[in-house]
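Take a look at the structure set out below.
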Amino acid sequence: MSSSGAFPPGRLWRHALLGGLCAAAGLGLLAAGLHGDALAVAVIVLLCLSYWATGWLPDFLVSLLLMFLLAAGTSLGANVVFSGFTSSAFWLVFSGAVIGMGLRVTGLGERVASRLADHCGHAYGLALAGFVAIAFALGIVMPSTLGRIAILTPIVLSFCERVGLTQGRPGRQGLMLATALASCELSTAILPANLPNLVMAGTAETVLGLRLGYGEYAIALVPTLAIVRGVVLVVVAQRLFPDRLASRDIAHISRVAMPGTPMRADERRLLAALALMLALWLTEPWHHVAAGWAGLGIALLCLGPLRLVNPDAFLAQVKLAPLWFVAAIIGLTAAVEHAGLADALRPLLARLDLAQLSAMPAYLTLVALSIALTFLVTSNAAPALFTPLVPALAVGAPFGVKAVLLTQAVGISTIALPYQAPPLVLAMALAGIGIRDATRYCLATACMALLTVVPLTALWWHAIGILRIF
């Protein structure tokens, strides 16, 4: 959508409708006792999330609107509102764009894609399953969702070109979204694989004195949150973005097959740079250099001494809209935290009484609570709000403290809107995925997960003794 087409005379009612609904919600929150910056942030976030979800304004315009309203309508200050520009994640988008261009111009991405095409490039469904599995397997060895997405996105794009899924093909969107959401959601089943898990485990140990073991955590969650949810991602991608590799696409693979030639010098230099970046990411606990800064350093090497990406060509091709989107999402999360919106919810959540419920309704209530928190404060911040409430929620609950703690993992891994998972926003920026397609896919997979993953997790926990639902 162009900005000139965002306000057609016959469609102005849409903006009046959203404005009226947000004003009504603000009055309701005011009557409930919310005030000050917390109230202003809640209304501003609701308005901008509504625009992102409906697509009635261009994404970059909504991003700028969010930053303007937070800066002008709250007392949070520029250091909070514009914190996205100083975030490691923002610069990871930039460095990912440089590295992606390097993979393309050197041919290294094509070489990797050709190897993958040999194994799963002859069927669309097989390709979906293959990349979902790769995203999960990478989570076991690479404890950074942002890093996994930065590595996988240019490889998936090269693979799509390799097998004939060119720009505009639904299969291209399906592959990118399935891989990106798998990187975010399936890693919830591996304890150290993403930030929400680390926040949950760290808070549980410091606040509750409860230490989660790697093995017991995997046993409890991998069968459903990884395997069943992975199947859901593949099935929904096939239904929402149907495509198939016809005989002409198979012929295309054969036509552009990589000869068995050795790597060129520029490919070797890029491979060495990627190995250095991966080593820096994996050793972050020792040197404390965030993934974004390590990525930025490698990007500068690619643009400079290594002579892999032409700076002028990069500036001509880079798109700024994804960077605004990432900065806005990070600023949104910071604003919610600094405005005290989460703290305002604590007294209400602490009063939730599970004593009157049996095991299954109590389990579903806690899952619903964790899902609701991801809407309010995103998946990254939800564990910091949920975990300290576990002792209060466990009083009178029909199951133990550990079961109450683990239910949040089911909710955190259920992403219904893209903004709930900041790493997914990064993937959208790197791959040029539209907000409307991403929202459709997230909503569909979330609904399917509520019908499959949520009840099957309860049954699995009953089988291994975490819950007693019968």
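Residue separation of ASP266 and LEU451 scaled by 0.36 nm, minus their Cα-Cα distance, works out to 61.7 nm of gained length.
Using a simple spin-label model with pseudo-atoms 7 Å out from Cα toward Cβ, LEU443 and LEU352 lie 2.4 nm apart. Rounded to the nearest 20, the Cβ-based charge dipole of the chain about its Cα centre (Lys and Arg +1, Asp and Glu -1) stands at 880 debye.
Charged side chains reduced to their Cβ positions (Lys and Arg at +1, Asp and Glu at -1) give the stretch 86-317 a dipole of some 540 debye around its Cα centre. Between the residues GLY107, VAL93, LEU306, the greatest Cα displacement towards the positive end of the dipole of the chain, with unit charges on the Cβ of Lys, Arg, Asp and Glu, is found for GLY107.
Per residue, the chain exposes an accessible area of 41 Å² to a 1.4 Å probe, with every protein chain left in place. Taking a ≥ b ≥ c as the square roots of the eigenvalues of the alpha carbon gyration tensor, the stretch 164-236 is prolate, as a/c is not under 1.5 and a/b beats b/c. One decimal place: the segment VAL289-LEU376 gains 28.4 nm when fully extended, by the rule 0.36 nm per residue minus the C-alpha distance.
Express in whole angstrom the spacing between the alpha-carbon centres of the stretch 364-415 and the stretch 171-215. Taking the Cα centre of the stretch 171-215 as reference, the centre of the stretch 364-415 is 14 Å away. Taking the 1.4 Å solvent-accessible surface of the chain as the whole, the part contributed by carbon and sulfur is 69%.
Could you tell me the relative contact order of the chain? Use alpha-carbon pairs under 8 Å, at least six residues apart, and round to a whole percent. Numbers along the way, then the final one.
Working: 652 pairs, mean separation 108.2, N = 470.
With pairs under 8 Å counted, the relative contact order is 23 percent.
Remark: spin-label model distance LEU300-THR54 equals 4.4 nm, labels positioned 7 Å along the Cα→Cβ axis. Label separation (LEU198 vs ILE227): 2.9 nm, computed from points 7 Å beyond Cα along the C-beta direction. Computed over every Cα-Cα pair of the stretch 86-317 and binned at 10 Å starting from 0, the pair-distance distribution P(r) comes out as 8, 29, 33, 23, 7, 1 percent.
The values are calculated or read from the model by the stated rules, or taken from the named source; none is laboratory data. Bear in mind that the values here come from a model prediction, so they are computed numbers and not experimental data. No Cβ is skipped: glycine too gets one built from the backbone with ideal geometry, and neighbour counts run over all protein chains shown. We work out accessible area using only protein heavy atoms, side chains counted, and drop any ligands, DNA or RNA first. Shrake-Rupley method; radii C 1.70, N 1.55, O 1.52, S 1.80 Å.
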